[in-house]
Amino acid sequence: MSLDLVIANGLVATASDTFSCDVGISGGRIVSLGHALGPATETIDASGKLVLPGGIDSHVHIAQPSGDGIVMADDFESGTRSAAFGGNTTVLPFCMQEKDQPLRRTLEEYHAKARGKCYTDVAFHLVISDPTDQVLGQDLPALIEDGYTSFKVFMTYEGLALDDRQMLEVMSVARETGALVMVHAENYDAIRFLTDRLERAGKTAPRFHGTSRPVPVEREATHRAISLAELIDVPVMIVHVSNREARDEITRARSRGLKVYGETCPQYLVLTEADMDGLNMEGAKYVCSPPPRDHDSQIACWEGLQNGAFQVFSSDHCPFRYDDPAGKLNPKGRTSFRWVPNGIPGVETRLPILFSEGVGKGRITLNEFVALSATNHAKIYGLSKKGSIAIGMDADIAIWDPEREMTISQSVLHHGSDYTPYEGIKVKGWPVTTIVRGRVVVRDGALEAATPHGEHVARDRSAYAVP
Ligand code: URP
Ligand code: ZN
Ligand code: ZN
């Protein structure tokens, strides 16, 4: 068979195995694995390189309306370009339900923003913020049927937080339809109480963002989310877990046989609360929720990745510009941490940080890296043709130079934000070439794709969501 592309002489790793072989690609799919695969239109020599499944980042925010004059720093073009430079081939952004607008219409607006602009493949999660009878009875089940098989609910944030009864109602829909529920677990009332008290005491600097949502706020909500899911007998994914106590809630639930899954993110491995302590407003660059914690929390998150409490490692890329009235330094944000938009950029740095700090420092194996960065995301979120290097799978591949040393810096990144919270972190190992469904998007660190060819992927039900 004549092949479109052969990736030759590399060391291939999947979630289970590591082996030397060439990868033959035709029609956007992996069609052969072996040696001397035959004639190909193009051959990439991957000698000395790792050939890995392209990263799947199952938690990113792109072009999401953020209210109050705040504008997200990435549209689909810059966000997915940045993702591709970071070794990713698929990202899963959120389609946030707008009150008083049919969910499907909102989703169509996201598709319109993404169409023709994506350098990686894209699959949307939904966010349910207003679970009306219409949404629960008609709109959500229909969209799940159409391949939007996961949705996120928030236990905090003005205009987004669901109460416990609403949580039970949306979880019941997931139970009936086989969708996967993702939960942002923080106690809204506790945060409001603590925020008001801090403001009354004049404690309004960015660092008090951390004080306003301490560990018990996250632990309690994690426990409550798990308990509600247990009542409905439905699997649940606790996203962006930041600390030991929330992690232990997941571990305990799993040891009782509950289908509870966990996600952590780079900010909880390499940042701490002290980063929000910068001069003037500099700390705003690190404001995200849950906030980065302390050194013990970092250890706990590493342990969670090592011992299976967490199945996925995502970026929670939620980019705002810093020096911008529509970003972190918006006029209200200068008056109190309460108004600093929550979220930090990270889609391009997620994998180099995990590779260098994880594989490079012996905390996880290369195969665990693949599982945490790609394979588990595909399985959990129903991307059945993605996340592995095997015959028949989409040819979504990242070629890594494991020896390449880089210092993370805004100047080397491609996102729309004007800073990176990971500035100055030294890493060893970098994705140099990214291939999406057989087409080279980034080659040797330079953008190759003249036009974006990423597509939306309708997803299957999660294998993990079947109760
Ligand atoms: O601060 C964060 N994480 N912002 C993004 C929205 C979310 O809760 O995931
Ligand atoms: Zn969240
Ligand atoms: Zn998020």
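The values are calculated or read from the model by the stated rules, or taken from the named source; none is laboratory data. Quantities reported herein were computed from a predicted structural model and do not represent experimental measurements. A quick note on method: Cβ atoms are made from the backbone with ideal geometry, for glycine too, and the neighbour counts reach across all protein chains shown. We work out accessible area using only protein heavy atoms, side chains counted, and drop any ligands, DNA or RNA first. Shrake-Rupley method; radii C 1.70, N 1.55, O 1.52, S 1.80 Å.
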Reach of LYS285 by Cα under 13 Å, taken over aspartates and glutamates that are not fewer than 8 positions away in the same chain: GLU273, ASP275, ASP277, ASP323, ASP324, ASP418, GLU423
Could you please state, rounded to a whole Å, how far the C-alpha centre of region 201-253 is from the C-alpha centre of region 45-89? 26 Å
Quick one: helix 295-307 against the long Cα principal axis of the chain, what's the angle to the nearest 10°, folded into 0 to 90? 50 degrees
Helix-derived mean residue ellipticity, 222 nm - over the chain, DSSP H n ≥ 4, -39500 (n - 2.57), to 500: -7500 deg cm²/dmol
Which of the peptides 358-368, 306-316 is most tightly packed, and how do the rest follow, judged by the mean count of other Cβ atoms within 10 Å per residue? 306-316, 358-368
Using a Förster distance of 22 Å, how high is the FRET efficiency between SER384 and ALA112, based on the Cβ-Cβ distance and rounded to 0.05? 0.25
Kindly rank 117-124, 389-396, 36-43, 408-415 from highest to lowest mean number of other beta carbons found within 10 Å of each residue. 117-124, 389-396, 408-415, 36-43
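Under a point-charge model restricted to the Cβ atoms of Lys and Arg (+1) and Asp and Glu (-1), what is the dipole moment magnitude of the chain relative to its Cα centre, in debye to the nearest 20?
Using Cβ point charges on Lys, Arg, Asp and Glu, the chain gives about 380 debye.
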Once the dipole of the chain is set up with Lys and Arg at +1 and Asp and Glu at -1 on Cβ about the Cα centre, which of ALA300, SER66, PRO345 lies farthest towards its positive end? ALA300
Virtual paramagnetic centre 7 Å along Cα→Cβ of ALA463, amide N under 18 Å, in region 344-384: 367-384
Give the share of C-alpha pairs in each 10 angstrom bin for region 99-194, from 0 to the last occupied bin, in whole percents, shortest bins first. 15, 45, 29, 10, 1
Summed over the other residues with a beta carbon less than 11 angstrom from that of ASP68, with K and R at +1 and D and E at -1, the charge totals 0
Return the lysines within reach of LYS361: Cα separation strictly under 17 angstrom, same-chain partners fewer than 8 residues apart disregarded; answer none if there are no such residues. LYS426, LYS428
Please find the FRET efficiency linking ARG363 to SER411, where r is the Cβ-Cβ separation and R0 is fixed at 22 Å, and quote it to the nearest 0.05. 0.20
Can you give the charge dipole size of region 272-421 about its Cα centre, rounded to the nearest 20 debye, using +1 on the beta carbon of Lys and Arg and -1 on the beta carbon of Asp and Glu? 480 debye
Please report how far the C-alpha centroid of region 122-141 lies from that of region 382-401, rounded to the nearest whole angstrom. 29 Å
Peptides 454-461, 159-166, 184-191 ordered by average Cβ neighbours within 10 Å, highest first: 184-191, 454-461, 159-166
Would you please give the FRET efficiency between ASP75 and GLN138, computed as 1/(1 + (r/R0)^6) with r the Cβ-Cβ distance and R0 = 45 Å, to the nearest 0.05? 0.90
If you average the C-alpha positions of region 298-357 and of region 153-181 separately, how far apart do those two centres end up, in angstrom? 23 Å
Within the accessible area of region 54-367 (1.4 Å probe), percent carbon and sulfur: 48 percent
Of all DSSP beta bridges having both residues in the chain, the percent classed as antiparallel (nearest 5) is 45 percent
Averaged per residue, what accessible surface does region 54-367 expose to a 1.4 Å probe, in Å²? 34 Å²
Report, in debye and to the nearest 20, how large the dipole of region 156-284 comes out about its Cα centre when Lys and Arg carry +1 and Asp and Glu carry -1 on their Cβ. 280 debye
Measure off, as a whole percent, the carbon and sulfur share of the 1.4 Å-probe accessible area of region 424-467, all protein chains present. 51 percent
Going Cα to Cα from LYS113, which lysines come in below 24 Å? Please leave out same-chain ones fewer than 8 positions away. LYS99, LYS152, LYS328, LYS386
